[in-house]
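Here is the structure we will look at.
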Number of protein chains: 2
Amino acid sequence: MAVPTGDSLESPRLTSAQRVLSILGVFDTENLSLSLSEISRRTGLTLSTTHRLVNELRCWGALSRSGDGKYSIGLRILELGTLTPQGGQLREIALPYLHDLQHATRANIHLGVPQGHDIVYIESLRARDTVPVPSRLGGRWPMHATGTGLVLLAHSSQEFQEEVLASKLRRYTENTLTDPDALRHFLAEVRKAGVAVVESQLTRDVMAVAVPIRGPRDHVVAAVGITVPSGSVSPRSLVPALSASARSISRALGAPSAAAGGPPRRPAHWQVREVKYSTSVAQREPGLVGG
Amino acid sequence: MAVPTGDSLESPRLTSAQRVLSILGVFDTENLSLSLSEISRRTGLTLSTTHRLVNELRCWGALSRSGDGKYSIGLRILELGTLTPQGGQLREIALPYLHDLQHATRANIHLGVPQGHDIVYIESLRARDTVPVPSRLGGRWPMHATGTGLVLLAHSSQEFQEEVLASKLRRYTENTLTDPDALRHFLAEVRKAGVAVVESQLTRDVMAVAVPIRGPRDHVVAAVGITVPSGSVSPRSLVPALSASARSISRALGAPSAAAGGPPRRPAHWQVREVKYSTSVAQREPGLVGG
DNA sequence: AGCCGAATTCCACGGAGCGGAAGGGTATTT
DNA sequence: AAATACCCTTCCGCTCCGTGGAATTCGGCT
């Protein structure tokens, strides 16, 4: 159905569920707390509608009201977020290894998973005495611009890779890989070497090294990366520690290829119903995090 | 079955926003992934309604579908959760100090903020070689049952304390403080000593030590706690490190009483009656839907 | 005071969303 | 192999809920 209005501000005909979600969607890192009117303006909803929905969200705990009368995201959302397969179990399992890795390398450590064309960081351990990197827990960046993202992309399906390569690839620095052919070549290298080393792709004078993490069916489910200031240390020297950590995490996740010594260890009493195409991590944790 | 009998599940006349939220609400730590039908049953919504709403949520990223066709909470929720004032900035600021604290003590570290009558953990650093404690990031427990919760309660408004004491106080172990008078006495001790030391209140054979963290207006905005196995170390020996960390975090948050170089903190008179809005504690929900 | 913006409440109308029912798929049972 | 029992998906008419405009209150600023 053609849109009859030539108005630049057409009414997007939202469903009521979309209205609710659009309210949550106006919050971002630059808008951590917003007044009712601001929410109304940014969503395009009328003030009365916004008022009613915001109150329902607040009662449920999805929004909270701070001292100045403004609204921000509520703790209930934080709780919910820990229930994601990635942010919950995967992060939980990986965390001790990431701590060890940071302790050993004193660098910034990131753990990321794919979502859409982006990579989302489900953990970000920042070193105190190194360059600040623009990545935080919950942060999202295009895959082609980060070391961890390129690792994930390299191990994605062929069609997905082409889909990403065909999209608009934003250039962040002069080093950002945006040429499809160059990227294809780079991704092949990453697959072959098992590690991605990038320099100043997203941020100048920052080097990143990243390797994949595999899950129960040996699929790449996440990537772990280290970022250090350019020239501080040889990136290659970080690879062994990084690889070891990634392998430990993979093993803890039940990845066959990372199984210790003998045959692939299978989590007992855990019936895996044959799944068609599992792009996400399996559900239950083997439960051997501690010692 | 359309009989409006006095069934335990009567039709609660939900608004459409509540329907959306109720879908998100059926996920918890024991139900990390649910099929469409399960969501439908647990929410009480009809299958077709559930189907439509779930799809809208999935398109937006609030839900994701895993390989086996089940749904779980989506990464977008995780991202949103990092935008909460507590889970975002506060956690971000506190994290390095908590890491140091864990490194020094090798114990479980928790950072919690109040919500309703509960305490919610916005960070949980688990020691590898100690007892497992039933607390995870995003976990929620009654204030009266945890060391951190008791600290927060002790520094809440008088009326809020009474409100909590008047509510049903669940007993988790034989040590759980459930008697209002005993609790009042304990809370007074906590205020006086500036630290809460509890033993096996929530979990047997686990000791917890917790101290408050103060924000810009010197309000207690969070609590940090350590848990160790009973008898392993003297809880008192952990207090100095814990207090130092809490003070560092308070200072980083801009708490006047923790300002660098200032005079030793005096046992503040807590008659700060003019609590305008304490951003967190005074979070009641007077606005009831409908009305 | 007067002005302005924000927040809150009220109400009638219209169409979005609800739910019943039917169709198609897949695994489990007889 | 037929039968059974789920589960997921789609369609469509009716109804009731949500919408948005207007009116009211509140608070800050000149």
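Any residue that is surrounded by fewer than 22 Cβ atoms within 10 Å (Cβ to Cβ), modelled with pLDDT of 90 or more and in the same structural domain as A:TYR121 (by TED's automatic domain parsing) - is there at least one of those in segment A:222-231?
No, because not a single residue in segment A:222-231 is surrounded by fewer than 22 Cβ atoms within 10 Å (Cβ to Cβ), modelled with pLDDT of 90 or more and in the same structural domain as A:TYR121 (by TED's automatic domain parsing).
State the number of residues belonging to segment B:40-59 that are within 28 Å of the chain's Cα centre (by Cα), open to solvent by 90 Å² or more (accessible area, probe 1.4 Å) and more than 14 Å from B:LEU14 (Cβ to Cβ).
Total satisfying the criteria: 1.
Being more than 7 Å from chain B (Cβ to nearest Cβ), farther than 21 Å from B:SER64 by Cα and in contact with a Phe, Trp or Tyr (Cβ under 9 Å, 6 or more places away or on another chain) is the filter here, so list the residues in segment A:61-92 that pass it.
Within segment A:61-92, A:LEU63, A:ARG65, A:ASP68, A:GLY69, A:TYR71 meet the criteria.
Which of the following residues is near DNA strand C (Cβ under 9 Å from one of its atoms) and within 10 Å of chain B (Cβ to nearest Cβ): A:ARG58, A:ARG41, A:ARG52?
Just one listed residue meets the conditions, A:ARG52.
Hey, any hits in segment A:121-142 for a residue that's closer than 30 Å to B:THR15 by Cβ and not aliphatic (A, V, I, L, M)?
yes
If you check B:ILE122 against the conditions, is it within 14 Å of chain A (Cβ to nearest Cβ) and crowded, with 23+ Cβ neighbours inside 10 Å?
yes
State yes or no: is B:VAL113 at pLDDT 90 or above, under 30 Å from A:ARG126 (Cα atoms) and within 12 Å of another protein chain (Cβ to nearest Cβ)?
Judged against the criteria, B:VAL113 is a match.
The values are calculated or read from the model by the stated rules, or taken from the named source; none is laboratory data. Please read all numbers here as calculations on a predicted model, not as lab measurements. Backbone-built Cβ (ideal geometry, glycine too); neighbour counts: all protein chains shown. Just so you know, the surface numbers come from the protein's heavy atoms only, side chains and all, with ligands and any DNA or RNA stripped out. Shrake-Rupley method; radii C 1.70, N 1.55, O 1.52, S 1.80 Å.
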